[in-house]
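Read through the structure below, which is laid out as structure tokens, and then see the notes.
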Amino acid sequence: MTTNFNPQFSKIGEILIHLGKVNESQVNEALAQQKGSQEKIGQTLIDLNFIEEDDFASAFALQLGAKKADNFLLLEADATVAALIPEDFARTNRVLAVSQNQSMIVVAMEDPEDLVTIDSIKRLTNLNPEPLVAGSSLLEKALDKVYGDIQKTAEVSQTIDDIKIVSGDEGSQEVVDLSPDNASEEDAPIVKLVNLIFKEAIKERATDIHVEPQEKKVIIRIRIDGVLQTIMTPPSTSLSGLVTRIKILSKLNIAEKRLPQDGRFSIKSTTKDIDVRVSILPTVYGEKIVMRLLDKTGFDFNLTSLGFPSENLKIFKKIISQPYGMVVVSGPTGSGKSTSLYAALKEIKSDTTNITTVEDPVEYQLDGVNQVQVFEDIGLTFGSTLRSILRQDPDVLLIGEIRDGETADIAVKFSLTGHLVFSTVHANDAAGTITRLLDIGIQPFLVGSCLNMVMAQRLVRRICSNCKEEYTPTAEELALLDLEASKVSGPLYHGKGCADCRNTGYHGRIAIFEMIPMGKNIRKLVFENANEDEIRQCALDAGMVTLRDSGVRRVLDGTTTIEEILRSTVEDF
């Protein structure tokens, strides 16, 4: 900024021009439009898409000689300090307390020149307010997040104050109704706490809930877009009640605390029906609970929305349209294997095709598809179910997972007798999927004959569209993905963090793929019992795009970040 320019004696338009955010003609256009309204010039410039809200906040702060409240400071504001100002007052006067010391309280305000509000804050807190400038929408999101956290903490504290261990006399409930209309004032406090955990997990689109005992507290974490995040930390005295309540819901033995247990139940909210799979594991500080949440309300994915690149999509659609053979998808737990196969079934489903699935668990319910849930406890195993399905005249069969020789043998026989079979296995990459099938016990000549395609996949987090911004990566970052700056033609992006993404910079996920269609050369190697490296090299020679390269393409097109690809894939050697 030049020495002869003093922003405190300048108009907002002049400051924005000086900062290079707008030109004079844009300011004049905004002034002309402003004459017909009562809007301030800054808001008019925003409405015309000439500037961002953050640009106006920066200019306003310079004009006032004040500091600007950044995104992180607002969204991570100390809830204890924010609670010093009542929520109604904060929302009415557009103010949020973010920090304090013995004599001063720092407050973010939309209008720091509002002396009446500043004087009221001083009387409310007995502290001297130091105002920061904040944009309107950012301040609104921060108010929602911080006062939401305050309300949630208050509910937890109120619940913990009167914790009682729930005995088995309460009875076993197979379905928990979380609808507000059915909440009872007489519910035990521990029941309210469990319901609160479920409500938070459902609201945040979580796939798993972890209840982890520590020496002095219990950590409650939920997995959002594949990454765990802490949502609350009740005291260790709450653990026994939490475990007992979950065991009662899951119809497990509440007296057995030394052995692992597995169970299930369903929950209902006003918007969703969710199947909950429960796993309980004894640890040194008590029993740890992990609950997998499966949304039963419907399947709304398709092959395009999953993230198939156009060239891969064409190949995949061709393969799944074959009348017989096997398509096997691999990856670790939670990599979206079943989702991809459901999307494939949705693509080929028709009135002329009999599609049957055998799963444990049934993750989504599909109209027009016959879905069978495996129950090992009563002898309804993959093997016994598949033998029965042979007499059900199927055209297409989805086997949830090939996990043993018996299941693999039946799947191969299905595919060799005129049926199309979809399934999954746990393997690290596409070439490893073929050798995994051989390890299970399928003969090489059968693997080579029945396979149409193997595909490995991972899920990577998408950059949050609300806080997505361009940035320039360092040479070290690019080197981690073997990228040269000269080969990066466009900008790269990351998320700076906002209320919509819980300040992570990511919201939602997309799949990346590694596909091997079974061509003649690959089949020949399988018949010859070639090793994984030979199969992989042959696939690369045929044009296979590896998981890492697929991820790099998603970085370059602005969908995800370098850090996310490094987290989800291994380097190609």
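Points to keep in mind about this one:
- Nearest-0.05 FRET efficiency for T92 and L31, computed from C-beta distance (R0 30 Å): 0.50
- Inter-site label distance for K67 and D47 at 7 Å from Cα along Cβ, in nm: 3.3
- Share of pairwise Cα separations in the range 37-132, more than 17 Å, in percent: 53
- Across the chain, Cα pairs under 8 Å and at least six residues apart give a relative contact order of 9 percent.
- Cross-link pairs beyond the 26 Å C-alpha cut-off, checked among K68/K487; K288/K496; K11/K35; K318/K413; K11/K68: K68/K487; K288/K496
- Between 0 and 90 degrees, the angle of helix 547-556 with respect to the longest Cα principal axis of the chain falls at about 30 degrees.
- Each peptide in 412-423, 453-464 receives the mean, over its residues, of other Cβ atoms within 10 Å, and ordering these scores from highest gives 453-464, 412-423.
- Our coupling estimate for the range 51-59, obtained by passing each phi through the Karplus curve with A = 6.51, B = -1.76, C = 1.60 and θ = phi - 60°, is 9, 8, 4, 5, 5, 5, 4, 5, 5 Hz, Gly and Pro reported as x.
- Our note on the geometry: Cα centres of the range 369-433 and the range 225-268, 32 Å apart.
- Whole-Hz Karplus values for the range 109-118 come out as 9, 6, 9, x, 8, 6, 5, 5, 5, 4 Hz, taken residue by residue from phi with 6.51 cos²θ - 1.76 cosθ + 1.60 and θ = phi - 60°; glycine and proline positions read x.
- Overall form of the range 506-573 per C-alpha gyration tensor (a/c, 1.5; a/b vs b/c): prolate
- According to the Kirkwood relation over distinct C-alpha pairs, the hydrodynamic radius of the range 291-418 is 15.5 Å.
- Relative contact order of the range 263-393, taken over Cα pairs closer than 8 Å and 6 or more residues apart, is 17 percent.
- Per-selection Kirkwood Rh - the range 355-435 (Cα, Å, 1 d.p.): 13.2
- The range 307-346 and the range 453-469: distance between their alpha carbon centers, rounded to Å: 17
- The range 415-573: relative contact order in percent, alpha carbon pairs under 8 Å with at least 6 residues between: 29
- Accessible surface of S120 - all protein chains present, 1.4 Å probe, nearest 10 Å²: 20
- When cysteine pairs in the chain are screened for C-beta atoms closer than 4.7 angstrom, the residues that find no partner are C450, C538.
- Computed on protein heavy atoms with a 1.4 Å probe, the accessible areas place D262, D275 in the order D262, D275, largest first.
- Taking amide H as placed 1.01 Å from N in the peptide plane, K296 has its amide H under 5 Å from the amide H of D273, I274, D275, each at least 5 places away in sequence or on another chain.
- Per-residue 3J(HN,Hα) values for the range 350-365, derived from phi via the Karplus relation 6.51 cos²θ - 1.76 cosθ + 1.60 with θ = phi - 60°, read 7, 5, 9, 10, 9, 10, 10, 10, 10, 9, 8, x, 6, 7, 9, 9 Hz in sequence order (x marks Gly and Pro).
- Residues whose amide H comes within less than 5 Å of that of V369, counting only those at least five positions distant or on another chain, are absent (H built at 1.01 Å from N in the peptide plane).
- Rounded to whole Å, sorted largest first: equivalent-ellipsoid semi-axes of the range 423-573, Cα gyration tensor: 36, 17, 11
- Taking every DSSP bridge with both residues inside the chain, close to 60 percent are antiparallel.
- Heavy atoms of H507 accessible to a 1.4 Å probe, total area in Å² rounded to 10: 80
- For the range 25-142, the antiparallel share of DSSP beta bridges with both residues in that region comes to about 40%.
- Cross-link partners of K199 among aspartates and glutamates (Cα-Cα below 15 Å; sequence separation of 8 or more within a chain): D149, E155, D177, D181, D208, D273, D275, D295
The values are calculated or read from the model by the stated rules, or taken from the named source; none is laboratory data. Note that the coordinates shown come from a computational prediction; the quantities given were computed from them, not determined experimentally. Neighbour counts run over all protein chains shown; Cβ positions are idealised from the backbone, glycine included. Ligands, DNA and RNA are stripped out before the accessible areas are found, and what is left, the full protein with its side chains, is counted by its heavy atoms. Shrake-Rupley method; radii C 1.70, N 1.55, O 1.52, S 1.80 Å.
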